[in-house]
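Working notes for the structure below.
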Amino acid sequence: MQTNMETLAESRIHVPEIPRISRKIDTIIVHCSATPEGANFNASDIDRWHRKPPFNFRCIGYHYVVLLDGTIELGRHIGEVGAHCAGHNKHSIGVCYIGGVRKDGHTPKDTRTLPQKEALLELLKALKARFPTAEIRGHRDFSPKNCPSFDATKEYSFLSDNQ
Ligand SMILES: [Zn+2]
């Protein structure tokens, strides 16, 4: 039987309902976890890392985490200020995909799988529907970093232009 990778991926993707919150959101910031290509980490791993040095956050700093198979996991509640982009946390939402560096563990690379790309897009569409004036940016637009290892502003500009 023929299977279609794309169809399978779409059927797996479930975008969580985006709650109404009182916090003003003007930016949606895309990140990578800076973990090696193919390494299957998840939101609870990041939660564990963020509670320890050098972060010492009270919990995971991102609001959403997109796994290799396209699963969208919840991180910190979007009603709460995140901890993901210095100077820009108060009015933003942080979305992180797992990956972002080569297997060597440090060279930046857009490692997104097809399901991750689809899930990221669906999640960003849902967030834009809830926060229509929010702009989608990459972490690197605010900080001298490579995160998220691709040009998120450019890739998702069509979502902002279609308001
Ligand atoms: Zn980042």
For this session: Would you list the membrane-span-like helices of the chain, meaning whole DSSP H runs whose alpha-carbon atoms span at least 15 Å along their axis and whose mean Kyte-Doolittle value is at least -1.0?
Result: 114-130
Problem set entry | Residue-span extension gain [residue 153 to residue 104] - 0.36 nm each, minus C-alpha spacing | 15.0 nm
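Mean separation of Cα pairs under 8 Å and 6+ residues apart, divided by the residue count of segment 56-95: what relative contact order is that in percent?
Normalised by residue count, the contact order of segment 56-95 is 40 percent.
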For this session: Answer with one residue from 127, 22, 63: the one whose Cα lies farthest towards the positive end of the charge dipole of the chain, charges on Cβ with Lys, Arg +1 and Asp, Glu -1.
Result: 22
Problem set entry | Simple spin-label estimate for residue 133 and residue 114 in nanometres, 7 Å along Cα-Cβ | 4.0
Problem set entry | Rh by Kirkwood over Cα pairs, then Stokes-Einstein D for the chain at 1.002 mPa s and 20 °C, µm²/s | 135
Exercise. Which residue, 87, 79, 100, has the most motion in a Gaussian network model of the chain that connects Cα atoms within less than 10 Å?
Worked result: 87
For this session: Work out the length of the dipole vector of the chain about its Cα centre, built from +1 on the beta-carbon of each Lys and Arg and -1 on the beta-carbon of each Asp and Glu, and round it to the nearest 20 debye.
Result: 600
For this session: Please list the non-local residues whose amide H lies under 5 Å from the amide H of residue 31, H modeled 1.01 Å from N, same-chain partners needing a gap of 5 or more.
Result: 95, 96, 97
Exercise. How far is it, in nm, from the label point at residue 51 to the one at residue 14 when both lie 7 Å from their Cα along the line to the Cβ?
Worked result: 2.5
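Which whole-number percent gives the relative contact order of the chain, counting Cα pairs below 8 Å spaced six or more residues apart?
Worked out over the chain, it gives 29 percent.
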Exercise. What is the sum of charges around residue 59, taking Lys and Arg as +1, Asp and Glu as -1, for the other residues whose C-beta is under 11 Å from the C-beta of residue 59?
Worked result: +2
For this session: Could you work out how far apart the two model spin labels at residue 69 and residue 40 are, taking each label as a point 7 Å from the Cα in the direction of the beta carbon, and quote it in nm?
Result: 0.6
Seminar exercise, completed: For residue 91, the net charge from surrounding residues (Cβ-Cβ under 9 Å; K, R +1; D, E -1) works out to +2
Exercise. If you find the alpha carbon centre of segment 112-150 and of segment 29-71, how far apart are they in angstrom?
Worked result: 15
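With both bridge residues required to lie in the chain, what share of the DSSP beta bridges run antiparallel, to the nearest 5%?
Around 20 percent of the beta bridges assigned by DSSP in the chain are antiparallel ones.
No lab work stands behind these numbers, since they all come straight from the coordinates. Values in this document were obtained by computation on a predicted structure and should not be read as measured data. A quick note on method: Cβ atoms are made from the backbone with ideal geometry, for glycine too, and the neighbour counts reach across all protein chains shown.
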